[in-house]
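As structure tokens, the structure follows; a few thoughts come after it.
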Amino acid sequence: MSYRKINIWNALDWWTVALYLILVIAGWLSIYASTYDYDQTSMVDLSGRSGMQMIWIITSLVLGFVLLMIDSEWYEIFAFWIYFLIIAVLILTVIVAPDIKGSRSWLVIGPIRIQPAEFAKFATALAVAKVMSVYRFELLNLSNFIKILGLVFLPALLILCQKETGSALVFLAFFLMLYREGMPGFILFLGFCAVLFFVLSIRLSDVFWGQTEMSQFVVLLIIMIILLCLLYNYKKGRHHLKFLAPASAGVTALAAVLSIYLPGGLNLSWVVLGIIGSLSVYFLFLFIKYRAFHYLLIILFAVGSVGFLYSVDYVFDHILEPHHQIRIQVTLGVVDDPSGAGYNVNQSKIAIGSGGVLGKGYLNGTQTKLKYVPEQDTDFIFCTVGEEKGFVGASVILLLFLVLIVRLVYLSERQKTTFSRIYGYCVTAIVFFHVAVNVGMVIGITPVIGIPLPFFSYGGSSLWAFTILLFIFLRLDASRNARL
């Protein structure tokens, strides 16, 4: 393998750099607006949040410059060293970090507070890219897949021990990269089903039709339909649907009619559960007869789904923290608590809604100026944009993020090494996850899990971490033509 020298400044993707600078500056202006005090009007006053953010921005630019000056080969060579160093710091954080707002995720060094969980994202991305770029690596190999899951879930588990659920959930973004690299879509489908079953179980838990708890009935009915669809997806088994589908639908309909007229009614959940059990037994017979692995997968899906359904209540009541429970219930509309757990989101939606189409104007937001929205310069920074710039301004910011994400996909696809491509998709997935969940959280369509909006939310750890994440990739991209 031979190499040629490149001019980093000519090879650098300046479009992405420009998007980065625009978002960072827009974030700084939003932080100033969200913390604006009529008695303190200077944006560069270091006693204010915008002044401190200016320091973080300057140091981030210096950090980005340094990252661009490092030989791109070093990132691959030292990927594991960086990963295990961050793991060690995460373990240290669990042990020594003080309790701050219910979590132990901050290392306090004099006047500086650092959140190592933010840096674990780029370290994990480097390690995963390093492992998956090994010659003849096959993701579908079970041992390889388990190895990748271990690299991803180890930092996530340590972050959970710090009681930072939101930061831990970000690591689910790596599954988007794995899907791009060949992970079966069935795994993403299982994740979607798990979320759907969980939401329906919580949302309909207090709704009954006679003796039937609607949450169980609806989820079991969906499971039954999915089983039949999975059978249809297997061409050699489609002919079994000629009698299985009508029989399943007929028994369910008959049970529904009987539940109306029978004294005391009928629990439809048990009826559908019986149908699922009968289908599973029949699929087991087909598996034994034809040795077709597809039938076994359908059985495993049925057993796993039913087991998951009946474990939701236990997980929700005994594993999730009380504040997580109430946030989920508020998001799903099970509980209305506008002055308690739902206060942040309620005030955020009021602020965004009050901005109308064009907004109230910069520094003229009443909800944010009067501090009605808690954490309005960190996790809820987007509500400041919505109130002052309105629907148009908020749409422009979202469009900028969309352009950045699309650009990152383009850069990832043009990489000439597996390491760079996989790392690029990790960056893309993490940025996408942060933007989608944070904005969804602010407008009330996802639970409040406390993750920052990239380049916008106040804080040095977040800005530094996203700068490192992005500029390592920019350095890798700039060197894509260095190898001959």
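Assorted remarks:
- Per the Debye formula on identical point scatterers at the alpha carbon atoms of the chain, with no solvent, log10 I(q)/I(0) at q = 0.06, 0.08 Å⁻¹ is -0.34, -0.60.
- Test item: Cα-centred dipole of segment 116-273, Lys/Arg +1 and Asp/Glu -1 on Cβ, debye: 580
- A Förster distance of 45 Å, applied to the separation of the beta-carbon atoms of PHE153 and TYR261, puts the FRET efficiency at 0.30.
- Counting every alpha-carbon pair across segment 206-328, the share separated by more than 19 Å comes to 55%.
- With the simple spin-label model, which puts each label point 7 Å out from Cα in the Cβ direction, the VAL44 to ALA18 separation comes to 2.6 nm.
- Given charges at Cβ of Lys, Arg, Asp, Glu: the chain dipole, positive-most of GLY274, PHE401, ALA11: ALA11
- Orientation-averaged projection of segment 171-265 equals 8.1 nm² [convex hull of Cα atoms, one quarter of hull surface area].
- For the pair segment 262-339 and segment 82-153, the centres of their Cα atoms are 32 angstrom apart.
- Relative contact order, whole percent, for segment 206-328 stands at 28, derived from Cα pairs under 8 Å and 6 or more residues apart.
- Extension gain from LYS289 to LEU363, taking 0.36 nm per residue of separation minus the Cα-Cα distance: 19.4 nm
- Long pairs among LYS163/LYS389; LYS101/LYS389; LYS369/LYS389; LYS121/LYS369; LYS101/LYS360, criterion Cα-Cα beyond 24 Å: LYS163/LYS389; LYS101/LYS389; LYS121/LYS369; LYS101/LYS360
- Amide H contacts of TRP209 (H built 1.01 Å from N, under 5 Å, at least 5 apart or other chain): MET214
- Ordering of 391-402, 130-141 by packing [mean C-beta count within 10 Å, highest first]: 391-402, 130-141
- Working from Cα pairs under 8 Å separated by at least six residues, relative contact order for the chain is 25 percent.
- Peptides 85-92, 172-179, 417-424 ordered by packing proxy, namely the average of other Cβ atoms within 10 Å per residue, highest first: 417-424, 172-179, 85-92.
- Given +1 at the Cβ of Lys and Arg, -1 at the Cβ of Asp and Glu and no other charges, the dipole of segment 293-420 around its Cα centre is 660 debye to the nearest 20.
Throughout, read-outs are computed from the coordinates displayed, never taken from laboratory work. Just so we're clear, the structure is a prediction, and the values are computed from it rather than from any experiment. A quick note on method: Cβ atoms are made from the backbone with ideal geometry, for glycine too, and the neighbour counts reach across all protein chains shown.
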